[in-house]
Amino acid sequence: QRLADLLKRCQDALGRDRFLVALDHEGGRVHRTPPGITHFPPARAYADRAYDVARTMAVELTGIGVNFILAPVCDIDSNPSNPVIGDRSFGRDAETVTGAAREFLRGLTDGGTLGCAKHFPGHGDTDVDSHHALPRLTLSEEALATRELKPFEALIAAGVPAVMTAHILFPEIAGAAPATLAPEILTGLLRQKLGFDGVIVSDDLGMKAIAPWFDAPEAAAQALAAGCDLLCLCAAQADTARSRDFRDAIAAAANSGTEFAEKVSTSQARVTLLLSRLTV
């Protein structure tokens, strides 16, 4: 009830009927809700029941006002030394992950929520946790296409409305810019080559992998210029003042340049379309 009251106050303050209420909700280690909402095991344990689990998640979460679930994980657990993905992944091969992720997305849709494929272009082969440091993968686009991109391609074909970025360095593709800030990856690879026309969501901009770039609020505009449409800034990593600084930097950049203003307008249109798909 407290959450419902808070959302009603947000609705009144925003002055509109629909807004996104997003939540990381995968099961296992990634469970944010209080008792009363089922705490499912990690994705690996329910890969063969992904539709049923996702539909149940969606029905439960819509009941408390959540309408945008930041899942499924489309990363392939291909590196045994990976400290952050592991059993959050549906499996260790592209076929297993692709099939389960597609069913998970179908379950979310049938349960009344939006889904988000993450973490593009693939976090499974890293040996560094991007919450704490910046992973680096020396993979070309061709190498990514043989494995990491397959689940994302399948979910794009299935109509996934959103994709979340990975804070990972791919020097062979984007030089010294992490994927979240790399137009070569977000615009060139995800939009132009894979044909994704939905909303691109950044992973949390407070994570240590990306934090050095976001010491300056102007980096928020850089993320939008690279291809992001929504910027994720978690309360655990930052305060409201920092979010306002990002907002002001984006507004300043939009007011000073026609090209960036057009990008912001295009992003707004994508987000508006996403809002139109909400059922709660």
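Mind listing whichever residues of segment 270-280 are under 18 Å from the mean Cα position of the chain (by Cα) and either open to solvent by 50 Å² or more (accessible area, probe 1.4 Å) or not hydrophobic (A, V, I, L, M, F, W, C) (or both)?
Within segment 270-280, R270, T272, L273, R277 qualify.
Say we look at segment 106-119 and pick out the residues that are under 28 Å from L169 (Cβ atoms) and in contact with a helix residue (DSSP H, G or I) (Cβ under 6 Å, 6 or more places away or on another chain); which of these is surrounded by the fewest Cβ atoms within 10 Å (Cβ to Cβ)? Before the answer, list the steps.
If we filter segment 106-119 for residues that are under 28 Å from L169 (Cβ atoms), which is where we start, we get 115-119.
Still in the list and also in contact with a helix residue (DSSP H, G or I) (Cβ under 6 Å, 6 or more places away or on another chain): 115, 117.
Details: G115: 26, A117: 30.
Applying the filter and picking the extreme gives G115.
Does segment 252-264 include one or more residues that are touching a residue at least 40 places away in the same chain (Cβ under 8 Å), surrounded by 16 or more Cβ atoms within 10 Å (Cβ to Cβ) and on the phi < 0 side of the Ramachandran plot?
Yes, the conditions are met somewhere in segment 252-264.
Tell me, which residue of segment 1-38 that is open to solvent by less than 60 Å² (accessible area, probe 1.4 Å) and among the aliphatic types (A, V, I, L, M) is nearest to L274 (Cα to Cα)? Can you show your working first?
Initially, segment 1-38 is screened for residues open to solvent by less than 60 Å² (accessible area, probe 1.4 Å), giving 4, 7, 10-11, 19-28, 30-31, 33, 37-38.
Narrowing the set further to residues that are among the aliphatic types (A, V, I, L, M) leaves 4, 7, 20-23, 30, 37.
Details: A4: 22, L7: 19, L20: 9, V21: 12, A22: 12, L23: 16, V30: 24, I37: 25 Å.
Ranking the qualifying residues of segment 1-38, first place goes to L20.
Report every pair of residues separated by at least 6 positions or lying on different chains whose Cβ atoms are under 9 Å apart, first residue within segment 1-23 and of a type in the set (S, T, N, Q), second open to solvent by 50 Å² or more (accessible area, probe 1.4 Å).
Listed by first residue and then by second, the contacts come to Q11/D17; Q11/R18.
So how many residues does segment 191-250 have that are under 22 Å from F152 (Cα atoms) and modelled with pLDDT under 85?
Total satisfying the criteria: 0.
Only one of these is without any contact (Cβ under 8 Å) to a residue 24 or more places away in the chain and not in a strand (DSSP E or B): F90, F40, F104. Name it.
Values: F90 fails: without any contact (Cβ under 8 Å) to a residue 24 or more places away in the chain; F104 fails: without any contact (Cβ under 8 Å) to a residue 24 or more places away in the chain.
So the residue among F90, F40, F104 that is without any contact (Cβ under 8 Å) to a residue 24 or more places away in the chain and not in a strand (DSSP E or B) is F40.
Could we say that R18 is basic (K, R) and closer than 25 Å to R270 by Cα here?
Values: basic (K, R): yes; closer than 25 Å to R270 by Cα: yes.
Yes, satisfied.
Determine which member of the set P212, P217 is surrounded by fewer than 17 Cβ atoms within 10 Å (Cβ to Cβ) and either within 28 Å of P135 (Cα to Cα) or in contact with a Lys or Arg (Cβ under 7 Å, 6 or more places away or on another chain) (or both).
Numbers: P217 fails: surrounded by fewer than 17 Cβ atoms within 10 Å (Cβ to Cβ).
Just one listed residue meets the conditions, P212.
Here are P183, P171, P151: which of them is out of contact with any Phe, Trp or Tyr (no Cβ under 6 Å at 6 or more places or on another chain) and either closer than 30 Å to T62 by Cβ or polar (S, T, N, Q) (or both)?
On inspection, the qualifying residue turns out to be P151.
So is T33 in contact (Cβ under 8 Å) with a residue 24 or more places away in the chain and part of a loop (DSSP other than H, G, I, E, B) or not? Working first, answer last.
Details: in contact (Cβ under 8 Å) with a residue 24 or more places away in the chain: yes; part of a loop (DSSP other than H, G, I, E, B): yes.
Taking the combined requirement at face value, the residue satisfies it.
Name the single residue that is surrounded by the most Cβ atoms within 10 Å (Cβ to Cβ) among those in segment 56-71 being of a type outside the set (S, T, N, Q) and touching a residue at least 60 places away in the same chain (Cβ under 8 Å).
Filtering segment 56-71 down to residues of a type outside the set (S, T, N, Q) leaves 57-61, 63-66, 68-71.
Remaining after also requiring touching a residue at least 60 places away in the same chain (Cβ under 8 Å): 64-65, 68, 70.
Working: I64: 17, G65: 17, F68: 25, L70: 22.
By that ranking, first place goes to F68.
Condition first: touching a helix residue (DSSP H, G or I) at 6+ places or on another chain (Cβ under 6 Å), within 21 Å of A47 (Cβ to Cβ) and assigned to a loop (DSSP other than H, G, I, E, B). Can you find one or more residues in segment 143-156 that meet it?
yes
Test S81 against the stated conditions and say whether it is open to solvent by 10 Å² or more (accessible area, probe 1.4 Å), modelled with pLDDT under 95, within 29 Å of K208 (Cα to Cα) and hydroxyl-bearing (S, T, Y).
Numbers: open to solvent by 10 Å² or more (accessible area, probe 1.4 Å): yes; modelled with pLDDT under 95: yes; within 29 Å of K208 (Cα to Cα): yes; hydroxyl-bearing (S, T, Y): yes.
The answer is yes for S81.
Are any residues in segment 126-154 under 18 Å from the mean Cα position of the chain (by Cα), at pLDDT 95 or above and either open to solvent by 30 Å² or more (accessible area, probe 1.4 Å) or among the small types (G, A, S) (or both), and if so, which ones?
K150, E153, A154
Of everything in segment 161-195, what is in contact with a strand residue (DSSP E or B) (Cβ under 7 Å, 6 or more places away or on another chain), of a type in the set (A, V, I, L, M, F, W, C) and open to solvent by less than 10 Å² (accessible area, probe 1.4 Å)? Give them in sequence order.
Correct list: A162, V163, M164, A166, I168, A179, L186, L190.
The values are calculated or read from the model by the stated rules, or taken from the named source; none is laboratory data. From a predicted model like this one, the values you see are computed outputs, not experimental measurements. Using ideal geometry, Cβ is built from the backbone for each residue, glycine included, and neighbour counts are taken over all protein chains shown. Ligands, DNA and RNA are stripped out before the accessible areas are found, and what is left, the full protein with its side chains, is counted by its heavy atoms. Shrake-Rupley method; radii C 1.70, N 1.55, O 1.52, S 1.80 Å.
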